[in-house]
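Q: This is the structure, below, for whatever I ask next.
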Amino acid sequence: MSEKANGNEVLKLENITMQFGGVVAINNLSLQVNQGEIVALIGPNGAGKTTAFNCITGVYEPTNGIVYFHGKPIAVNHPQGKMKKAYGGENGSLYANRKPLVYTPDRITHMGIARTFQNIRLFKSQTAFENVLIATHLRCKSNFLTASFRLNMHEEKAMREKSMKLLEIVGLAEEANELATSLPYGKQRRLEIARALATDPTLLLLDEPAAGMNPQETDELGEFIVEIKNRFNLTVFMIEHHMNLVMDISDRIYVLDFGKQIAEGTPEEIQKNPVVIAAYLGVDEE
Amino acid sequence: MNQKKSKLPMIITLALVAAVYVAVFVAEQMLPSTSMVFTVLKKGATYALVAVSMNLLNGFTGIFSLGQAGFMLVGAYVYGIFTIPVAQRASVYQYFDGGLVQFTVPVVVALVMAGLAAAFFAYLIGLPVLRLKSDYLAIATLGFAEIIRAIFQWNGLGPITNGSNMLRAFPNFNDFNIRDAEGNVTVYLSTLIPFLIAGVCILLIVLLINSSYGRALKAVRDDEVAAEAMGINLAHHKQLAFCISSFFAGVGGAMLAMYQTTVQAKSFTSAMTYEILLIVVIGGIGSVSGSVISSFLFVACSEWWLRFLDEKQMIGDFEVPLLRTGFRMVVFSVIIMIVVLFFRRGIMGDKELPDLLSRRLEKKGRAAK
């Protein structure tokens, strides 16, 4: 496959396999997210959705495959050493002569991928405002000396204004000085999104943004995601279990089951797809 | 705008600090210089600086390091080596032909050099060690502190470090006193100067903590995974905190050298690190003002207030039982146990003095309405 982007694709996973010891968490996953799209990744619990996110953001090093971001590889690997024998995925020899490439999560965030977490990970001892402010640090140009001696007044002021603006956009201006963990659950989710936006991303990864929300909150969240997508010219890739939300706002959907992609398409196509219904939607629990 | 806080508590705090400095200066001119108060104040200021530097690591960055005594040792030696007057070197380095270093630098320069040397050692140690987490990191740094101690006692380095013999005759706190032609002291500064050195250093640490970098360090402490996902380079920021903390531990070590008037590597044991750790825990992990307050309390207790426990005491004809040499440490340990059991968050928790004042003012304001 060519490494040239068609100018439109933001994120592309090519034959990604993630294997932990003997367990193949993701097997040969290929997908693509285009500029301005909202793409959802769905699947039953344990299907490997969050693992896929962790491979994209550099938390895990994929066992095999390539991740492209704006056409540039950000992770390349093939089974090496012991993994060569133990490898249980497909296409194990496809990238054997490519040089492995690993970036730490902070480098990947610098490039423009921001994320939220499934189990909220706010900075516990900090206020809502400080949580957002911390996320502006990565674009800060001053070093620790100029920052300590307050020689970066302009930058500091700009950082503070930007953080306050983001809090206003997500509707948390009133709670700016409250401890992040004392906010109600829904607001913590919004705060996490504000914090991710503060890193100036082009691609936003949302890991179950509506988890634990009631139907009304979920609807509001859907509108909110579309709104920030348009406002910040973002591309959104999200994991979600609330089917209403997924069907309402996503342009395309990928379905994972047991680490393998079983379907891809528009919400209408996915709803009708018998494989998906069998694997996921059609499971009768009673 | 609700994010603007009232400046009043901050002003009150600064006024308090200024008052303390004035009080120290006045007391020094009035009271006899042999008074126990000054011993406590000098050692307290030294320990306050080291405790705050340790708090920067343990409290604000979440790195549990036990190498503080090692970095203090480096600072103390660098200060001693470069400030012993050339005329005295022959007698100090009597077993090493007067030593290799045959020049001196001004005290201020030596203090900065002490810090830089400690920071340099920290940088080297940090490269392999900072990959470790919590207890493992503590053990590794503890080990390195012991190694540093052994190296400085090594006879092979004798021409520089004087081996296991002590360094002495370098300028100490008493040399800051201003004397007239006959050698009588006209203005006492021997307590104010350590206060000033510690004050400036602690101010620098506070400025760092409240800068963008300080916020990033707190983020690393709260949640490493989230901090990294927000673009904070963990290795870089941890190394930064480690070096800066060690810099000030080195300056603190130089101050300790001045306080003791002699330096010997064997006194910088891990027990010293534990003393500092205790101060940090008692003061409140993550509170600069807590560390400062508790270091003065700690030094006052161990050097002064609890001294009577080591001597025979008579109440009338009754001899108080148990009091004998060493009993002070027993009582001290009990106090520490009580603090750890019942006041786990320390004197200040993770709050600073202005925070507490502003809460007090708010309460008053509400009552007035």
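Bear in mind these aren't lab numbers, they're just calculated from the coordinates by the rules spelled out. Everything numeric here is computed off the predicted structure, so don't read it as measured data. Here Cβ is always computed from backbone atoms with ideal geometry, including for glycine, and neighbour counts include all displayed protein chains.
Q: Take chain B, mark every one of the GluC sites (Glu not before Pro) that falls in a DSSP loop and has at most 12 other Cβ within 10 Å, then report the longest stretch left between them, sites excluded.
A: Between exposed loop sites, the widest span is B:1-181.
Q: Would you look at the GNM of chain B, springs on alpha carbons closer than 10 Å, and say which of B:Ile338, B:Ile148, B:Ile282 moves the most?
A: Result: B:Ile338 has the largest fluctuation of those listed.
Q: Exactly which trypsin sites (Lys or Arg not before Pro) in the stretch B:281-334 are in a DSSP loop and have at most 12 other Cβ atoms within 10 Å? Please report the intermediate quantities before stating the final value.
A: Working: sites: B:Arg307, B:Lys312, B:Arg324, B:Arg328; in loops: B:Lys312, B:Arg324.
Answer by residue number: B:Lys312, B:Arg324.
Q: Rounded to two decimals, what is the ratio between the C-alpha radius of gyration of the stretch A:52-175 and 2.2 N^0.38 Å?
A: Numbers: Rg = 19.6 Å, N = 124, 2.2 N^0.38 = 13.7 Å.
Ratio of Rg to 2.2 N^0.38 Å for the stretch A:52-175: 1.43.
Q: Starting from the exponent 0.38 and prefactor 2.2 Å, build the expected Rg for chain A from its residue count and divide its actual Cα Rg by it.
A: Details: Rg = 19.8 Å, N = 286, 2.2 N^0.38 = 18.9 Å.
Expressed relative to 2.2 N^0.38 Å, the Cα Rg reads 1.05.
Q: For each of A:Tyr185, B:Tyr259, B:Tyr79, count neighbouring Cβ atoms within 10 Å of the residue's Cβ, then give the residues from fewest to most.
A: Values: A:Tyr185 12, B:Tyr259 18, B:Tyr79 31.
Sorted ascending by nearby Cβ count, the order is A:Tyr185, B:Tyr259, B:Tyr79.
Q: Hey, fewest Cβ within 10 Å first, where do B:Thr34, A:Thr104, A:Thr63 land in order? Mind dumping the intermediate values first?
A: Details: B:Thr34 8, A:Thr104 15, A:Thr63 25.
Going from sparsest to densest Cβ surroundings: B:Thr34, A:Thr104, A:Thr63.
Q: Given the C-alpha atoms of chain B, compute the convex hull and give its volume per residue in Å³. Could the numbers behind the result be given before it?
A: Details: hull volume 73.6 nm³, N = 369.
Dividing the Cα hull volume of chain B by its residue count gives 199 Å³.
Q: Something else now. Sum up the lysine pairs in the stretch B:12-268 that clear both bars: alpha-carbon distance under 20 Å and a spacing of 8 or more or different chains.
A: Lysine pairs meeting the criterion: 4.
Q: Residue by residue through the stretch B:93-105, which ³J(HN,Hα) values in whole Hz follow from phi under the Karplus form 6.51 cos²θ - 1.76 cosθ + 1.60 (θ = phi - 60°), with glycine and proline marked x?
A: Per residue, the Karplus-derived 3J(HN,Hα) values read 8, 5, 8, 10, 6, x, x, 8, 6, 10, 8, 10, 10 Hz.
Q: Ok, one more. What would the Debye formula give as log10 I(q)/I(0) at q = 0.06 Å⁻¹ for the alpha-carbon point model of the protein assembly as shown, no solvent?
A: So the normalised log intensities are -0.45.
Q: Write down the Å³ per residue value for the convex hull defined by the alpha carbon atoms of the stretch B:183-263. Walk me through the numbers on the way to the answer.
A: On the way: hull volume 8.3 nm³, N = 81.
Roughly 102 Å³ of hull volume per residue.
Q: Which whole number in µm²/s is D for the stretch B:234-331 by Stokes-Einstein, with the Kirkwood Rh taken over Cα pairs at 10 °C and 1.306 mPa s?
A: Numbers: Rh = 16.3 Å.
In µm²/s, the coefficient is 97.
Q: Please identify the chymotrypsin sites (Phe, Trp or Tyr not before Pro) of the stretch B:307-368 that satisfy two criteria: DSSP loop assignment and at most 13 other Cβ atoms within 10 Å. Which are they?
A: Working: sites: B:Phe308, B:Phe318, B:Phe327, B:Phe332, B:Phe342, B:Phe343; in loops: B:Phe343.
Qualifying residues, ordered by number: B:Phe343.
Q: Averaged over A:141-151, how many beta carbons belonging to a partner chain fall within 10 Å of each residue's beta carbon? Let's see the in-between values first.
A: On the way: counts 0, 3, 2, 12, 4, 3, 9, 12, 4, 3, 0.
Mean partner-chain Cβ count within 10 Å for A:141-151: 5.
Q: Now for a separate question. Suppose only helical runs count, i.e. DSSP H with n ≥ 4. What mean residue ellipticity at 222 nm does that imply for the protein assembly as shown under -39500 (n - 2.57) per run, divided by all residues and rounded to the nearest 500 deg cm²/dmol?
A: Numbers: 25 runs with 327 residues, N = 655.
About -16000 deg cm²/dmol.
Q: Now, a different point. What translational diffusion coefficient, in µm²/s and rounded to a whole number, does the Stokes-Einstein relation yield for the stretch B:36-107 at 25 °C and a viscosity of 0.890 mPa s, taking the hydrodynamic radius as the Kirkwood radius over Cα pairs? Write down the numbers at each step before the final one.
A: Numbers: Rh = 14.8 Å.
Reported coefficient: 166 µm²/s.
Q: Then there's this: Got a sec? How would A:Arg231, A:Arg195, A:Arg190 order by Cβ neighbour count within 10 Å, fewest to most? Don't jump to the answer; show the numbers that get you there.
A: Working: A:Arg231 10, A:Arg195 29, A:Arg190 26.
The most exposed by this proxy come first: A:Arg231, A:Arg190, A:Arg195.
Q: Are there trypsin sites (Lys or Arg not before Pro) in the stretch B:78-157 that DSSP marks as loop and that have at most 14 other Cβ atoms within 10 Å, and which are they? Working shown, then result.
A: Details: sites: B:Arg89, B:Arg131, B:Lys133, B:Arg149; in loops: B:Arg131, B:Lys133.
Hits after loop and neighbour filter: B:Arg131, B:Lys133.
Q: Using packing as a proxy for protection, rank A:244-255, B:47-58, A:82-93 so that the peptide with the highest average count of other Cβ atoms within 10 Å comes first.
A: On the way: A:244-255: 19.8, B:47-58: 28.8, A:82-93: 14.7.
In decreasing order of mean packing, A:244-255, B:47-58, A:82-93 become B:47-58, A:244-255, A:82-93.
Q: Within chain B, which DSSP H helices have Cα atoms that stretch 24 Å or more along the helix axis and a mean Kyte-Doolittle hydropathy of at least -0.5? Walk me through the numbers on the way to the answer.
A: Details: long enough: B:8-30 (32 Å, 2.02); B:36-55 (27 Å, 1.06); B:107-129 (33 Å, 2.40); B:134-153 (29 Å, 1.01); B:192-209 (25 Å, 3.27); B:234-260 (38 Å, 0.83).
Long hydrophobic helices here: B:8-30, B:36-55, B:107-129, B:134-153, B:192-209, B:234-260.
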